[in-house]
1. Springs between alpha-carbon pairs under 10 angstrom, Gaussian network model over the chain: which of 14, 67, 138 fluctuates most?
2. Over 28 Å between Cα atoms, which of 38/167; 167/195; 55/167; 38/169; 29/169; 122/169 qualify?
3. If you line up the long axis of helix 196-206 against the longest principal axis of the chain, both from Cα atoms, how many degrees apart are they, to the nearest 10?
4. Using the eigenvalues of the Cα gyration tensor, what equivalent ellipsoid semi-axes result for the chain when each is taken as the square root of five times the eigenvalue, whole Å, largest first?
5. Taking the 0 to 90 degree range and rounding to the nearest ten, how far is the long axis of helix 158-193 tilted relative to the main principal axis of the chain, both from C-alpha atoms?
6. Aspartates and glutamates near residue 22 by alpha-carbon distance under 20 Å, same-chain residues fewer than 8 away left out - which ones?
7. Please work out how much length the chain gains when fully extended from residue 104 to residue 148, using 0.36 nm per residue of separation minus the C-alpha to C-alpha distance, in nm with one decimal.
8. I want to verify a result. In a Gaussian network model of the chain, Cα cutoff 10 Å, which of these has the top mean-square fluctuation: 83, 168, 116?
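Rule-based calculations on the coordinates, nothing more; no lab input. Values in this document were obtained by computation on a predicted structure and should not be read as measured data. Reconstructed Cβ throughout: ideal geometry from the backbone, glycine too, with neighbour counts over all protein chains shown.
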Amino acid sequence: LLLLLVPFVSNAQTIDWNGNAKSLSIGNKLDILEDLTKALTYEQIISADYQHEFKPSNDQILSLGYTESIFWLRFTINNSTGQEVLLELAQAGLPIADLYYSTNNGAVQLFKAGYQVPVENKVINNSFQVFPLPPRITTCYVRLNSNSEPIPVKLHSRNHYESASTKQKFSYGILFGLMVFVALYNLFLYNSLRKELYLFYVLIVVI
């Protein structure tokens, strides 16, 4: 009976996702375990031996510090919308960010991300770490190495995320275009006036 009760006692609160919100910050709704050995596997983490070692997060935005440790994040989501919801770790500087959860047939679903994985090989093509979560009650585990901070952790509806991502790319495109114009303009001034200061300006823009 004790073994059966351990998961319910140690789990953080269930996150309800009913689709009313476009996005939701869940940094303070997670449980965290620090793996100093960097050797723990998903099978070990979900066992009763390690479930009680998870500690609740009190931070809206995770701040795990600059360390070589591996951290495991745990949360349970009740997605009652019938559609996928996207989990986003809004930090591009994570070398490792892997999502694990069990499917309905008992198999383990694994999505790998982090900057060591090429963007085109990620399940969601983004410099951040983004994963799809199924429409049901799911307990998820994220394995990550934190040498960058902070780490905002959010849930998004797919439509909202894709719309926001398109607007962001459009803004980046405008910024990039302006910077290219400034660089070309300073190259023109250098060719006209032969003052090396304008080459310095071009270098600053490129950096």
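1. In this elastic network of the chain, the residue with the biggest mean-square fluctuation among 14, 67, 138 is 67.
2. Numbers: 38/167 38 Å; 167/195 39 Å; 55/167 37 Å; 38/169 36 Å; 29/169 30 Å; 122/169 18 Å.
Check vs 28 Å cut-off fails for 38/167; 167/195; 55/167; 38/169; 29/169.
3. Orientation of helix 196-206: about 20 degrees from the principal axis.
4. Three semi-axes, in Å: 42, 20, 14.
5. Helix 158-193 sits at roughly 20 degrees to that axis.
6. Residue 22 reaches 84, 88, 162.
7. Going from the current span to full extension adds 12.4 nm.
8. Sorting by GNM fluctuation, first place goes to 168.
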